[in-house]
Amino acid sequence: MGASQHDPAGASVARIPARPIDHILAPFREFTRSSASSGVLLIAAAVVAMVMANSPWSTDWEALWHTELSISLGPLDISQSLLHWINDGLMAIFFLVVGLEIKREVLVGELASVRRATLPIVAAAGGAVLPAVIFLVIVGGGEGTRGWGIPMATDIAFALGVLAILGSRIPLGLRVFLAALAIVDDLLAVLVIAIFYTADLYLPALAAAGVIVGALLAANLLGVRRPLVYGLLGIALWMAVFQSGIHATVAGVLLAFTIPARTRLDSDAFVVRARAIVDDFEGRTVGGEDASTEEHHAALWELEDAAEKAQAPMLSMEHTLQPWTVFLIVPLFALANAGVAIRGDLADMVVEPVFLGVLLGLVIGKQVGISLAAWAVVRLGLASLPDGVRWRHIYGAAWLGGIGFTMSLFIAGLAYGDGPILSFAKVGILAASIVAGIGGYLVLRPRSRDRERRVNVPVKRMVGS
């Protein structure tokens, strides 16, 4: 293998020699680059959870997630089951990434201007309100009504994974619309969790959380950019929120909103400084050998410092945490929460009000709520469809909005705890996610093929004539 390759302009570009470990990890890297990979991993985790929950090892599987783990820090002693550490602890990192995505979209993305933000915001609102109403109408009353927030959620990984399977036949504008809609949907879910699924408040801990948020904001205003500072304060915030009665994952969103979004070097200044450092670095070599290792290291550190100042900590943190979230935390959450033992007559389960409320709320409520809200806001002239997007695409995206999965399972756990109703809700979520995913795929796929056929038919006629 050669040590260099040529770019399109003909210049020689140094290539780093491959290590044996690179060949071993290559298939995994290819998998993680795929847009559908996170959805595939989620499906696999859910299948494993369902199989284990209905296997001869179901008792041991259940006992695993209820293993007690304790953390002691001075007078603070937190003892929770493995399930709760995943749902309250690791999922706080998931919500941190959600918060960073929301902040990014508001500052520089599809939610940065009123005109662009109107369509996904109104569509998400329609896709949240109608499912909740359908759920409440079907369930009627009693303990089951606590789950009204379950069908409000959309799983962005699954939904975008289905679009990835369809490939280039889907307009880019639809992907952007669905991503923005899911992000607004996540924000609504966070608000619902914080307001309606909160236990009795412990005011001293809530006050401590407020002080820590103030310290995080002060660090931002003072120009502190080190992730370690925000990480340590974030852990303290999580502990305070955990003790306050508000669900601990809300701490992740609060932390995200305080992470700096500005760069200290703009792109032009970075290019000038980096070029000067590289020129100086190159000038200190004699015959290809390093003239001074210490001087070279100093130049590399200076270049690293310039690169750090040219990045927004918000984007850097999101980039770092995203793979851990989608390939570890969320699949682990699915393993711990998606399994439900199917006992007795399945026909009796599927007529349970909570099951029907979740299923119809996600499948019917989402597609009707999103489609009607989007149609109304465009009809009123307050927004317009993205480039290349037609109403059929919006309707297909509305179907995909019914894939609740991760957030729906999370809210179901908050609503019903370990009670028997939770099983009905889980089966409803899984069934609705499957139906919505297949439905969205079928709605979006046929017209794409028809369009290709219409393009190809005239060509064939010309060839045959």
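Taking only the stretch 67-101 into account, find how many residues are of a type in the set (Val, Ile, Thr), in contact (Cβ under 8 Å) with a residue 40 or more places away in the chain and surrounded by fewer than 21 Cβ atoms within 10 Å (Cβ to Cβ). Explain how you work it out, then say what you get.
Taking the stretch 67-101 as the starting set, the residues that turn out to be of a type in the set (Val, Ile, Thr) are 67, 71, 78, 86, 93, 97-98.
Filter again for in contact (Cβ under 8 Å) with a residue 40 or more places away in the chain, leaving 78, 86, 93, 97-98.
Now restrict to residues that are surrounded by fewer than 21 Cβ atoms within 10 Å (Cβ to Cβ): 78, 86, 93.
Total satisfying the criteria: 3.
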Scan the stretch 216-235 residue by residue and report those that are open to solvent by 40 Å² or more (accessible area, probe 1.4 Å) and among the aliphatic types (A, V, I, L, M).
Leu217, Ala218, Leu221, Leu222, Val224, Leu228, Val229, Leu232, Leu233, Ile235
Among the residues of the stretch 167-204, how many are in a helix (DSSP H, G or I) and surrounded by fewer than 17 Cβ atoms within 10 Å (Cβ to Cβ)?
11
Go through the residues of the stretch 73-82 one by one and say whether even a single one is over 19 Å from the mean Cα position of the chain (by Cα), at pLDDT 90 or above and part of a helix (DSSP H, G or I).
yes
Only one of Leu315, Leu362, Leu328 that is of a type outside the set (Lys, Arg), under 30 Å from Ser267 (Cβ atoms) and under 22 Å from the mean Cα position of the chain (by Cα)
Leu315
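Return yes when Leu69 is closer than 21 Å to Ala336 by Cβ, part of a strand (DSSP E or B) and at pLDDT 80 or above and no when it is not.
On the way: closer than 21 Å to Ala336 by Cβ: yes; part of a strand (DSSP E or B): yes; at pLDDT 80 or above: yes.
The answer is yes for Leu69.
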Cβ pairs under 7 Å, 6+ apart, first in the stretch 173-184 and under 14 Å from Ala128 (Cα atoms), second at pLDDT 90 or above and open to solvent by 10 Å² or more (accessible area, probe 1.4 Å)
Val184/Ile121
Pro56 versus (1) at pLDDT 80 or above; (2) surrounded by 18 or more Cβ atoms within 10 Å (Cβ to Cβ); (3) in a loop (DSSP other than H, G, I, E, B): which is the lone unmet condition?
(2)
Write out, first by first residue and then by second, each pair whose Cβ atoms fall under 6 Å of each other, whose residues are 6+ apart or on separate chains, and whose first residue, in the stretch 378-398, is closer than 14 Å to Arg169 by Cβ while the second is among the charged types (D, E, K, R) and part of a helix (DSSP H, G or I).
Arg392/Arg447
Using the structure shown, decide if Ile259 is outside any helix (DSSP H, G or I) and under 18 Å from the mean Cα position of the chain (by Cα).
yes
Cβ-Cβ distance below 9 Å, separation of 6 or more or different chains: which pairs start in the stretch 293-312 with a residue that is farther than 15 Å from Val272 by Cβ and among the polar types (S, T, N, Q) and end on one that is open to solvent by 50 Å² or more (accessible area, probe 1.4 Å) and modelled with pLDDT of 70 or more?
Gln311/Thr263; Gln311/His319
Based on what the data block shows, is Val354 in contact with a Pro (Cβ under 7 Å, 6 or more places away or on another chain), assigned to a helix (DSSP H, G or I) and farther than 24 Å from Ile102 by Cβ?
no
When residues of the stretch 131-166 are limited to those that are within 18 Å of Gly357 (Cβ to Cβ), aliphatic (A, V, I, L, M) and within 23 Å of the chain's Cα centre (by Cα), the one surrounded by the fewest Cβ atoms within 10 Å (Cβ to Cβ):
Ala132
Determine if the stretch 219-226 includes at least one residue that is in contact with a helix residue (DSSP H, G or I) (Cβ under 6 Å, 6 or more places away or on another chain) and polar (S, T, N, Q).
no
Please state which of the following conditions Leu385 fails to meet, knowing it meets all the rest: (1) modelled with pLDDT under 95; (2) assigned to a helix (DSSP H, G or I).
(2)
Single unsatisfied condition, Val271 versus (1) under 15 Å from Lys309 (Cα atoms); (2) surrounded by 17 or more Cβ atoms within 10 Å (Cβ to Cβ)
(2)
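The values are calculated or read from the model by the stated rules, or taken from the named source; none is laboratory data. Computed from a predicted model, the values in this text were never measured in an experiment. Cβ atoms come from the backbone with ideal geometry, glycine included; neighbour counts cover every protein chain shown. Protein only, heavy atoms only, side chains kept; ligands, DNA and RNA dropped before computing areas. Shrake-Rupley method; radii C 1.70, N 1.55, O 1.52, S 1.80 Å.
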